[in-house]
Amino acid sequence: MHELEIAVAIVVATLRAATPLMLAGFGELVTERSGVLNLGVEGMMLMGASVGFIGTVATGSPIVGLVLAMLAGAALALVFAVLTLSLMANQVATGLALTIFGVGFSALIGVSWVGTPLQGLSTDIWPSLSTQAPIVQQLMLIDPLVWLAAILPFVAQRFLYRSRAGLVLRAVGESHDVAHALGYSVLRIRYFAVLFGGAMSGLAGAYLSLAYSPMWSENMVAGRGWIALALVVFSTWKPLWLALGSLLFGFVTIAQFQAEGLGLDLSPHLLAMLPYIATIIVLVLISRDATRLKLNAPAALGRPFHATA
Amino acid sequence: MNTTRRSLLRASLALPAAGLLTRPALAAEPFKVGFIYVAPIGDAGWTYQHELGRKALVAALGGAVTATYVENVPEEGADAERVIRKLAADGHKLIYTTSFGFMEPTLKVAKTSPKVKFAHCTGYKRAPNVSTYSARFYEGRYLTGLIAGRMTKTNVIGYVAAFPIPEVVQGINAVTLAARSVNPNVTVKVVFVSTWFDPGKERAAADTLISQGADVVMHHTDSSAVVQGAEEKGVWSFGYDSDMLRFGPKTNLTSVTMQWGDYYIAQTKDAIAGTWKSTDTWGGLKSGMVALGPFNKAVPDAVVAEVAAATAKIESGTLAPFSGPIKDQAGAVKVAAGASLGDGDILGMNWFTEGVQGKLG
């Protein structure tokens, strides 16, 4: 019985830890598949986290909060899109600037909300949560955003490889000149992709401030945006691999806590290294085959497009 | 001339909060004191407590001082040195650098500004014009351990810790010794999150400990995530740095708080009077540098009285938190009966006592 409880706790905690990485990662994957590299994920997540929190506390409705968070992420992404797509600014520099801006701006608007209490998304949906048996309590912690993150890889897989829109998106990311010659509006498609990425980052940030650790605190995303970016490369731009990477990263983090709590005879330093070691190993395994990496990376990634004809 | 102006310009650009530096008053020069904070002030936490200390200083000395601060100064890179140098150049006569990482920049600027006095928090290197100060956080931890030992029903206390360094280890051992002195069956489970600040990880670690049976959790990290997580799960918690009762009105039992005001007032008075000397201060409950915050109503009166008695004994020196007999995890005697650990051993503490479930490396 006790083992079952711990096993359920590990599975649920892994899913929850992986959710923000998956949501933000999928947004970025779609963005990058259209040929745009947006390094502003961390900043957009922070905007989503603070706006989502403020919106939920102010209106009492987490749905309003989540929608506002997506809009906030998309608004920041729009700034990026205008600068890099219309004005053809450098994508790497603009993305970094976007993160720095997001860190500061989210802190500024959130400053008077630090320390405001908020009940978590699960307690909001199941008010009886804290009185349930431990296993039921654990299962109730799987909130709708976790479900969304769980079905997303399959939806994204289908969209990218089995739909016309997905084919067009990939075409734009592979060769914008060819897509343009075929009559597709490269810039419009890229705008949509960047805005989608921003909205997903905003949602991922709001997951952190509304469900994962319901609170607002400056810089609370704590680097998860960068991990999501790394996971996109780790997945070689494939949705199912991205899901696997996020779960792996979530699992090793949670497994470290569980192992220490259970008193297993393992070094805490070694355990703390695990998620990063796992990422490095997989990256090495993937990039061992240079042609495969090249085949999978969107060929036009990071290259500005200017319609000449 | 050109170079000077350019470097001045660079220094002011380095301060996003440059506007916070007040201009020197022209009439009746007050004594200028500067503070450097590692984080934004916020409403709770390490930096917030230093800000309370600064406010206490201003309230106590009134027009005799101006106390300016620069917040959110990163420890890494050259920013810290530049900001400290700027404060010194602007005529601040006493500068408090309030984070461990400011140690080297403080000493560097102190060397080139011998007339300016510095006090560095939690460091171990001093100079003729650089003092150090810190607090015996473990004394406050010991008191929370007494409460935890009395309140736990599962006999499991969960401890979310940042890094296995002596300052953190002292707290874990103090809590364990105190809890087991009133309830010998207590185990303290330690999880290291390898970061000072990541509310998501801190919360996940607390959730893990709770799922493993802990009904009291405490943290040695910088956010209030553990206290808020405990409130939602309905288990007891303790706050750290600041009073965190409002983050867990039902379940936060009390907090270990840092009170720097009296030190700032005394040091500044000495500096004004010209009697300031480079010193090393390690204050505890007795000097008021460490104090428990308000108690939750859930703490029984008998426990409050027990804590008050222990506080009085620690203040009078009749109770030392690290007094023998103390065994380590392997059962070897670390402190013999009748003896107690000296400051040097406490400062370098790198072993867990019996009753701690966790590993240091």
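Structure summary
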{"read-out": "Residue count for region A:136-150, restricted to those that are surrounded by fewer than 21 Cβ atoms within 10 Å (Cβ to Cβ) and under 14 Å from A:G27 (Cα atoms)", "value": "1"}
{"read-out": "Of residues in region A:169-207 being among the hydroxyl-bearing types (S, T, Y) and closer than 18 Å to A:S106 by Cα, the one surrounded by the fewest Cβ atoms within 10 Å (Cβ to Cβ)", "value": "A:Y207"}
{"read-out": "Which numbered condition B:W282 misses (of (1) within 13 Å of another protein chain (Cβ to nearest Cβ); (2) in a strand (DSSP E or B))", "value": "(1)"}
{"read-out": "Region B:316-327 residues that are in a loop (DSSP other than H, G, I, E, B), paired with ones that are of a type in the set (S, T, Y) and surrounded by 17 or more Cβ atoms within 10 Å (Cβ to Cβ) (beta carbon under 8 Å, 6 or more apart)", "value": "B:P321/B:Y138; B:P321/B:Y142; B:F322/B:Y138"}
{"read-out": "Options A:G120, A:G166; residue that is surrounded by 14 or more Cβ atoms within 10 Å (Cβ to Cβ), within 12 Å of chain B (Cβ to nearest Cβ) and under 20 Å from the mean Cα position of the chain (by Cα)", "value": "A:G120"}
{"read-out": "Some residue of region A:46-61 being in a loop (DSSP other than H, G, I, E, B) and surrounded by fewer than 17 Cβ atoms within 10 Å (Cβ to Cβ)", "value": "yes"}
{"read-out": "Elements of type helices (runs of 4 or more DSSP H) contained in region A:181-300, each with 1 or more residues being within 30 Å of B:A330 (Cβ to Cβ) and within 14 Å of chain B (Cβ to nearest Cβ)", "value": "A:239-262, A:268-287"}
{"read-out": "Strands (runs of 3 or more DSSP E) lying entirely in region B:126-238 (those with 2 or more residues that are facing chain A (nearest Cβ under 10 Å), buried (at least 24 other Cβ atoms within 10 Å of the Cβ) and at pLDDT 95 or above)", "value": "B:156-161"}
{"read-out": "Pick from region A:223-267, criterion among the aliphatic types (A, V, I, L, M) and farther than 29 Å from A:L293 by Cβ, ranking: nearest to the chain's Cα centre (by Cα)", "value": "A:I254"}
{"read-out": "Criterion: under 22 Å from A:R303 (Cα atoms), more than 14 Å from chain B (Cβ to nearest Cβ) and out of contact with any Lys or Arg (no Cβ under 9 Å at 6 or more places or on another chain) - qualifying residue of A:V92, A:V41, A:V51, A:V67", "value": "A:V92"}
{"read-out": "Test for A:F80: is it among the aromatic types (F, W, Y), under 19 Å from B:A225 (Cα atoms) and buried (at least 21 other Cβ atoms within 10 Å of the Cβ)", "value": "no"}
{"read-out": "Lone unmet requirement of (1) more than 28 Å from A:Q138 (Cβ to Cβ); (2) without any contact (Cβ under 8 Å) to a residue 40 or more places away in the chain; (3) of a type outside the set (S, T, Y); (4) within 14 Å of chain B (Cβ to nearest Cβ) for A:V11", "value": "(1)"}
{"read-out": "Unmet requirement for B:A271, which otherwise passes all of (1) of a type in the set (A, V, I, L, M); (2) within 12 Å of another protein chain (Cβ to nearest Cβ); (3) not in a strand (DSSP E or B)", "value": "(2)"}
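The values are calculated or read from the model by the stated rules, or taken from the named source; none is laboratory data. Model, not experiment: these values are computed from the prediction. Here the Cβ is made from the backbone with ideal geometry for all residues, glycine too, and neighbour counts use every protein chain on show.
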